[in-house]
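Throughout, read-outs are computed from the coordinates displayed, never taken from laboratory work. What you see is a predicted model, and the numbers here were worked out from it, not measured in a lab. Cβ coordinates were reconstructed from backbone atoms using ideal geometry, including for glycine residues, and neighbour counts include every protein chain displayed.
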Amino acid sequence: MPVGRAGLMCANPRCWFLVHEKEIFGGYCCKKCHWRHACSSKSKKHHGAQCMQCEAPEGAPRAPAVPPAEPLKNAGGDDDAAPEVPANQNDGHSLAATPVTPIATASQQPAWPGPE
């Protein structure tokens with residue numbers, strides 16, 4: 001762990017773990033803990049898959065609230081590497097923007113004969 005980070009407690013005031021040894025996690029133990037702090041989330045899963053979960057010693061100072069280099073983008077993501085999912089999976093072509101012209105009105109439709 002870089003010397004300046006050694007012994008610092010996660011910036012999330014509801015967490016008692018040490019900051020992650022990798023600087024890309026900012027002042028937090030993991031990205032999930034940062035997300036919970038930034039969003040005031042109370043999700044059941046408190047820490048991400050990459051959290052080292054190393055308890056800080058009593059009296060350890062809190063790290064400054066520096067966000068991770070690449071914060072979580074998915075609210076409630078279960079993994080630190082949760083990918084950002086596009087809202088529409090149709091290669092960027094939204095079907096909602098395409099006008100729909102009905103083929104026939106209800107009165108022009110033949111009656112359904114029922115199950116055969």
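5 Å is the cut-off here: which amide hydrogens, built 1.01 Å from N in the peptide plane, fall below it relative to Phe17, excluding neighbours closer than 5 in sequence?
It is Cys10, Ala56, by chain and number.
Starting from the amide H of Gln50, placed 1.01 Å from N in the peptide plane, find each other amide H under 5 Å away whose residue is 5 or more places distant or on another chain.
Asp80
Scan around Arg62 for amide H atoms under 5 Å from its own, H built in the peptide plane at 1.01 Å from N, and keep only partners 5 or more places away or cross-chain.
Here the answer is Met9, since their amide H atoms fall under 5 Å of that of Arg62.
Within the set of other residues whose C-beta is less than 13 Å from the C-beta of Pro67, count the net charge using Lys and Arg as +1 and Asp and Glu as -1.
Working: positive: Lys31, Lys32, Arg36, Lys73; negative: Glu23, Glu70.
Within the 13 Å Cβ shell, the charges total +2.
Rounded if a/c is under 1.5, else prolate if a/b is larger than b/c, else oblate: which is the stretch 18-68, with a ≥ b ≥ c the root eigenvalues of its Cα gyration tensor? Please list the in-between numbers first.
Values: a/c = 1.40, a/b = 1.34, b/c = 1.05.
Because its axes are fairly even, with a/c under 1.5, the stretch 18-68 counts as rounded.
Spelling out what I want: for every residue of the stretch 47-59, take phi, set θ = phi - 60°, compute 6.51 cos²θ - 1.76 cosθ + 1.60 (Karplus), and round to whole Hz; glycine and proline get x.
For the stretch 47-59, the Karplus-derived couplings read 9, x, 5, 8, 5, 7, 6, 9, 5, 6, x, 4, x Hz, x marking Gly and Pro.
Calculate, in nm to one decimal, what Met52 and Trp16 gain on full extension: separation in residues at 0.36 nm each, minus their alpha carbon distance. Provide the component values of the computation, followed by the final result.
Working: separation 36, 0.36 × 36 = 12.96 nm, distance 1.18 nm.
Gain on stretching Met52 to Trp16: 11.8 nm.
Please list 3J(HN,Hα) in residue order for the stretch 25-41, calculated via the Karplus relation 6.51 cos²θ - 1.76 cosθ + 1.60 where θ = phi - 60°; whole Hz, with x for glycine and proline.
Each residue of the stretch 25-41 in turn: 8, x, x, 10, 6, 6, 5, 5, 5, 4, 4, 4, 5, 5, 9, 6, 6 Hz.
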